[in-house]
Amino acid sequence: MVEIIGALAKALGKGQKKVFAGIISVADGDVVNTGLKKLDVVLINPTVASRSFRVQKNTPSDGQFTVGLTDLSGAAITTAEDVEVFAIGDPV
């Protein structure tokens, strides 16, 4: 289950930031909507050791990102696999 799990202290920014974290199932090219208004940082970590990944923030203000998930040879992973995700951003 992935959800916004809490707020960060105001010392980390003007507005109150929220944390989106958990395990999601994605394939290469999938778009993830965090439910946040704006993303400051996104980290993903595949649960399969032989995977490589990248994150592309779609626009600075939409709270979504696109996952790039490949094997070590660079071939796209087209079937969904679990990845750990951690994002910080502005609440809606």
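Close amide H partners of Ile77, meaning residues 5 or more places away or on another chain with modelled amide H under 5 Å apart, are Asp28, Leu69, Thr70, Asp71. This ranking places Asp82, Asp90 by how few other beta-carbon atoms lie within 10 Å of each, fewest first, which gives Asp82, Asp90. Treating r as the C-beta distance of Ser52 and Val31 and R0 as 25 Å, the FRET efficiency rounds to 0.85.
None of the figures in this text is laboratory data; all of them are computed from the coordinates on show. Since this is a predicted model, take the numbers as computed values, not measurements. All Cβ positions, glycine included, derive from the backbone under ideal geometry; neighbour counts span all protein chains shown.
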